[in-house]
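Asker: Below is a structure I'd like to ask you about.
The values are calculated or read from the model by the stated rules, or taken from the named source; none is laboratory data. Since the model is a prediction, treat every value here as computed from it, not as a measurement. Counting neighbours? That spans all protein chains shown, and the Cβs are built from the backbone with ideal geometry, glycine included. Heavy atoms of the whole protein, side chains included, go into the accessibility calculation; ligands, DNA and RNA do not. Shrake-Rupley method; radii C 1.70, N 1.55, O 1.52, S 1.80 Å.
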Amino acid sequence: MATIPWLVEVLRADGVEVVEEGDWQNHMRPGEFAPIGVLWHHTAGPPSSAENPAPSLGTVINGRPDLPGPLAQALVDFNGVFHVISAGRSNHAGKSGGSGPIPAGDGNALMVGWEIDYDGVNQQMSPAQYQASLKATAAVLRRLGTDAEHARGHKETSTTGKIDPSFVDLAAMRAEVAKLI
Ligand SMILES: [Zn+2]
């Protein structure tokens with residue numbers, strides 16, 4: 001599998017509100033992409049709010065000076081809307097150290113990434129972000145044919161000490177995803 005062109009369709013089918021960002025079907029990094037799981041992140045950017053729900057959207061689409069975009073397949077805004085950015089490989093995971101059924105290796109090939117837009121230090125995930133992330137993760141894992149253990153947090157797979165997503169119990173999130181699958 002080189003791309004997941006079905007991403008928007010499966011999210012909407014499970015009741016996730018979606019905004020398609022730009023030419024998301026063709027905005028991707030070169031290289032392998034054969035995902036078996038989903039990786040959860042927080043953006044660690046400016047705080048989000050109902051009035052400014054996606055302050056890191058431009059960065060996740062376009063990247064940073066040190067890391068070209070896209071930086072995830074989707075960004076989850078404060079109100080729980082999924083902004084779909086890429087149907088292909090994105091620079092979100094770096095190297096995987098291995099976690100649960102996700103092996104060590106090329107994290108960007110192994111996982112679909114959600115950048116959940118909250119700062120993660122002074123701000124936790126909003127209830128709408130939490131609920132939308134559960135639904136979207138279940139939708140994608142069902143399509144991939146893998147189970148809820150294939151949803152991981154970046155802090156579980158990182159080899160460089162990432163802390164995201166903070167303020168959430170990842171085992172509890174997986175249990176909720178399992179119910180939805
Ligand atoms: Zn991350």
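Asker: How many residues does the stretch 145-166 hold that are surrounded by fewer than 18 Cβ atoms within 10 Å (Cβ to Cβ) and more than 14 Å from the ligand (Cβ to nearest atom)?
Answerer: 3
Asker: Look through LYS95, LYS135 and report the one residue that is within 15 Å of the ligand (Cβ to nearest atom) and of a type in the set (D, E, K, R). Walk me through it before giving the result.
Answerer: Values: LYS135 fails: within 15 Å of the ligand (Cβ to nearest atom).
From the options LYS95, LYS135, the qualifying one is LYS95.
Asker: Something else: Scan the stretch 124-141 and tell me whether some residue there is outside any helix (DSSP H, G or I), among the aliphatic types (A, V, I, L, M) and either in contact with a Gly (Cβ under 8 Å, 6 or more places away or on another chain) or more than 22 Å from PRO53 (Cβ to Cβ) (or both).
Answerer: As a first pass, look at the stretch 124-141 and keep what is outside any helix (DSSP H, G or I): 124-126.
Right, trim to among the aliphatic types (A, V, I, L, M) and you get 125.
Restricting the remaining residues to those that are either in contact with a Gly (Cβ under 8 Å, 6 or more places away or on another chain) or more than 22 Å from PRO53 (Cβ to Cβ) (or both) gives none.
No - not one qualifying residue is present in the stretch 124-141.
Asker: Which residue out of GLY63, GLY58 is within 16 Å of the ligand (Cβ to nearest atom) and either without any contact (Cβ under 8 Å) to a residue 40 or more places away in the chain or exposed (fewer than 14 other Cβ atoms within 10 Å of the Cβ) (or both)?
Answerer: Numbers: GLY58 fails: within 16 Å of the ligand (Cβ to nearest atom).
Unique residue meeting the criteria: GLY63.
Asker: Can you pull out every residue in the stretch 145-161 that is touching a residue at least 24 places away in the same chain (Cβ under 8 Å) and farther than 19 Å from LYS135 by Cα?
Answerer: Filtering the stretch 145-161 for residues touching a residue at least 24 places away in the same chain (Cβ under 8 Å) gives 146-154, 156-160.
Of everything in the stretch 145-161, those that are touching a residue at least 24 places away in the same chain (Cβ under 8 Å) and farther than 19 Å from LYS135 by Cα turn out to be GLU156, THR157, SER158, THR159, THR160.
Asker: Here's another thing I want to ask about it. Here is a check on your reading of the model: is ASN79 of a type in the set (S, T, N, Q), surrounded by fewer than 22 Cβ atoms within 10 Å (Cβ to Cβ) and either within 14 Å of GLU21 (Cα to Cα) or touching a Gly at 6+ places or on another chain (Cβ under 9 Å) (or both)?
Answerer: Details: of a type in the set (S, T, N, Q): yes; surrounded by fewer than 22 Cβ atoms within 10 Å (Cβ to Cβ): yes; either within 14 Å of GLU21 (Cα to Cα) or touching a Gly at 6+ places or on another chain (Cβ under 9 Å) (or both): no.
Here the answer is no, as ASN79 does not meet what is asked.
Asker: Restricting to the stretch 90-121, count the residues that are farther than 21 Å from GLU9 by Cβ, open to solvent by less than 20 Å² (accessible area, probe 1.4 Å) and among the hydrophobic types (A, V, I, L, M, F, W, C).
Answerer: 4
Asker: So, ALA87, is that one open to solvent by less than 10 Å² (accessible area, probe 1.4 Å), under 15 Å from the mean Cα position of the chain (by Cα) and of a type outside the set (Val, Ile, Thr) or not?
Answerer: yes
Asker: For the stretch 18-38, name all the residues that are within 16 Å of the ligand (Cβ to nearest atom) and in a loop (DSSP other than H, G, I, E, B).
Answerer: Answer for the stretch 18-38, where residues must be within 16 Å of the ligand (Cβ to nearest atom) and in a loop (DSSP other than H, G, I, E, B): ARG29, PRO35.
Asker: Given the conditions (1) in a strand (DSSP E or B); (2) surrounded by fewer than 19 Cβ atoms within 10 Å (Cβ to Cβ); (3) away from the ligand (no atom under 16 Å from the Cβ), report the number of the one that THR3 does not fulfil.
Answerer: So the condition that THR3 fails would be (1).
Asker: Residues GLY97, GLY105, GLY113, GLY88: which one is in contact with a Lys or Arg (Cβ under 8 Å, 6 or more places away or on another chain), assigned to a strand (DSSP E or B) and of a type outside the set (Lys, Arg)?
Answerer: Numbers: GLY97 fails: in contact with a Lys or Arg (Cβ under 8 Å, 6 or more places away or on another chain); GLY113 fails: in contact with a Lys or Arg (Cβ under 8 Å, 6 or more places away or on another chain); GLY88 fails: assigned to a strand (DSSP E or B).
Unique residue meeting the criteria: GLY105.
Asker: Now for a different question. For the stretch 39-54, which residues satisfy the criterion of being open to solvent by less than 40 Å² (accessible area, probe 1.4 Å) and within 16 Å of the ligand (Cβ to nearest atom)?
Answerer: Quick first cut of the stretch 39-54, residues open to solvent by less than 40 Å² (accessible area, probe 1.4 Å) only: 39-43, 45, 48-49, 53-54.
Hits for the stretch 39-54 are LEU39, TRP40, HIS41, HIS42, THR43, GLY45, SER48.
Asker: When you go through (1) more than 16 Å from ASP14 (Cα to Cα); (2) surrounded by 16 or more Cβ atoms within 10 Å (Cβ to Cβ); (3) more than 15 Å from the chain's Cα centre (by Cα) one by one for GLU176, which number turns out not to apply?
Answerer: (1)
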